[in-house]
Every structure is written in structure tokens, then in C-alpha cells.
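Worksheet for the structure shown next.
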Amino acid sequence: MGNYLSYYTIAANFTDSTMSSTDSSNLVALANMCPMTNGDAVYKARALYNIVYNDAAVWNDDSLCGTGGDQPQQRMSPTSTIPVVAAKQAYKLAPNPNDGHMGIVQTVADANPVRAEVCNAIGQTIQSTQLLFKEKQARVDVIVMPGLYLLKLYDSEGRNYVLKFVVN
């Protein structure tokens with residue numbers, strides 16, 4: 001019942017054009033669930049995901065449901081430049097485009113701080129902050145002019161991630 005409530009809340013907000021970054025994060029999380037254990041709301045979330053991200057995603061339910069390997073493989077939003085790899089850290093940014101307020105979701109929970117830098121189209125760092133992820137989610141707010149930007153993330157393991165986003 002809870003998955004259906006989540007899905008219909010997200011779908012209503014999408015329909016009303018009031019979908020928030022939390023809604024986007026919840027949509028990705030719901031679409032990444034095993035439909036055999038979490039119900040048909042997962043299929044509905046996947047269909048909405050394809051509309052929101054304009055991405056004809058295909059989910060491998062064998063690995064998501066634990067029958068095709070020892071670690072689930074998760075689908076990422078198309079806003080990330082990190083390849084999808086089972087049990088590896090990756091970040092998803094949503095919504096994109098946005099108004100300077102966005103959410104970031106980790107695929108693997110990590111309580112260590114992550115350094116974040118926002119860079120403009122010519123590579124200049126215009127904002128730097130440290131993110132603490134709570135339940136695999138964090139929020140970034142930037143005050144910038146409309147345009148294309150990069151969000152560079154540096155984790156405690158020394159790995160670097162780059163996400164593109166547009167501010168409109």
C-alpha cells in the first residue's frame with residue numbers, strides 16, 4: 001500500500017508540474033525496487049521514470065530481486081555520467097533542469113562527507129560545499145544565472161564524479 005501511495009503522490013505532483021527533487025529521488029528509488037516483492041507500483045514508477053527522464057530504461061529484475069547475482073544492479077537517471085555497475089557508488093541528480101535547487105541520491109549508502117564543487121561552463125569553480133548524505137540523500141542549492149553547470153563530487157575514498165545540470 002505504501003508504494004502505491006508514494007507512486008500516486010509523485011505522479012500527481014508530476015501532473016501538476018510541482019514535482020520536487022525529493023519526488024524525483026523517490027521515483028528513482030521506487031523504480032529500482034523489485035516488483036516481485038514491492039508490487040505493481042514499481043512498474044508504474046518505471047513508466048513514469050521513462051516519461052520524466054525521457055529514457056527508455058530497461059530494468060534487470062533478476063539482479064534487482066536477488067536472483068541473478070549476489071548484488072543488485074541499480075538503474076541511474078540519465079543526468080549522471082557514471083556508468084551503472086553493481087554495488088559501486090554512483091550519484092543521481094534530480095530534477096534536471098532545475099532552478100538551482102536539486103537533490104542528489106547515492107546508490108550505496110555512505111555516511112562520510114562528500115566535497116561538492118559547482119563549476120560553470122568554462123570550468124571555474126563558483127561554489128564549494130561539503131555534503132552529508134542522510135538515508136542516501138542530500139540537497140544542493142546554488143544561486144546562479146541560467147545555464148549549463150557541472151557538479152563535481154569527491155568522496156572519502158578519493159573517487160571523483162561529475163554530473164551535468166541545467167539551471168533555467
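Worth a mention:
Listed here are the residues, each with its yes/no results for (1) within 13 Å of residue 92 (Cβ to Cβ); (2) at pLDDT below 85; (3) over 14 Å from the mean Cα position of the chain (by Cα).
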| position | (1), (2), (3) |
| --- | --- |
| 7 | no, no, yes |
| 10 | no, no, yes |
| 31 | yes, no, no |
| 39 | no, yes, yes |
| 58 | no, yes, yes |
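- Residues that are hydrophobic (A, V, I, L, M, F, W, C) and either farther than 27 Å from residue 30 by Cα or in a loop (DSSP other than H, G, I, E, B) (or both), drawn from region 136-145: 142, 143, 144, 145
- Taking region 136-145 as the range and being touching a residue at least 40 places away in the same chain (Cβ under 8 Å) and farther than 18 Å from residue 105 by Cβ as the test, the residues that pass are 143, 144.
- Filter result (part of a loop (DSSP other than H, G, I, E, B) and among the acidic types (Asp, Glu)) within region 112-135: 135
- Among the candidates 118, 114, 105, residue that is under 21 Å from residue 22 (Cα atoms) and touching a helix residue (DSSP H, G or I) at 6+ places or on another chain (Cβ under 8 Å): 105
- The single residue among 153, 148 that is in contact (Cβ under 8 Å) with a residue 60 or more places away in the chain, outside any loop (DSSP other than H, G, I, E, B) and either surrounded by 16 or more Cβ atoms within 10 Å (Cβ to Cβ) or outside the structural domain of residue 20 (by TED's automatic domain parsing) (or both) turns out to be 153.
- Selection count, region 22-43, where residues are in contact (Cβ under 8 Å) with a residue 40 or more places away in the chain and surrounded by fewer than 21 Cβ atoms within 10 Å (Cβ to Cβ): 2
The values are calculated or read from the model by the stated rules, or taken from the named source; none is laboratory data. Bear in mind that the values here come from a model prediction, so they are computed numbers and not experimental data. Because the Cβ atoms are built from the backbone with ideal geometry, glycine has one as well, and the counts that use them run over all protein chains shown.
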